[in-house]
Amino acid sequence: QEHEKTLAMPNGELRISGKGKKLRKPRTIYSSLQLQALNQRFQQTQYLALPERAELAAQLGLTQTQVKIWFQNKRSKYKKIMKQG
């Protein structure tokens with residue numbers, strides 16, 4: 001019986017030894033203050049330039065990737081809602 005080990009790859013990806021399957025990172029739980037700031041910024045602009053994203057991430061204690069993905073998801077939801085009328 002083989003024991004599975006979790007390995008951290010150089011690219012930051014987590015893998016299960018022997019299987020080669022990715023382990024998903026836990027879902028980010030945003031605080032109400034973070035969500036308020038993200039939504040407020042989204043109302044101003046739906047797209048952030050790199051420096052704006054870096055600044056917002058630093059202010060909110062998030063990674064730039066978390067901010068980028070939140071904006072991507074929000075734009076997707078917004079477009080879906082607009083499409084429905």
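Miscellaneous remarks
- In the stretch 52-64, the condition of being at positive phi and open to solvent by less than 100 Å² (accessible area, probe 1.4 Å) is met by at least one residue.
- Within the stretch 34-45, residues that are more than 12 Å from Phe71 (Cα to Cα) and touching a residue at least 24 places away in the same chain (Cβ under 8 Å) have Cβ atoms under 6 Å from residues that are aliphatic (A, V, I, L, M) and surrounded by 16 or more Cβ atoms within 10 Å (Cβ to Cβ) in these pairs: Gln34/Leu60, counting only partners at least 6 apart in sequence or on another chain.
The values are calculated or read from the model by the stated rules, or taken from the named source; none is laboratory data. Keep in mind that what you see is a predicted model, and the values were worked out from it rather than measured. Quick reminder, even Gly has a Cβ in these numbers, built from the backbone with ideal geometry, and neighbours come from all protein chains shown. Heavy atoms of the whole protein, side chains included, go into the accessibility calculation; ligands, DNA and RNA do not. Shrake-Rupley method; radii C 1.70, N 1.55, O 1.52, S 1.80 Å.
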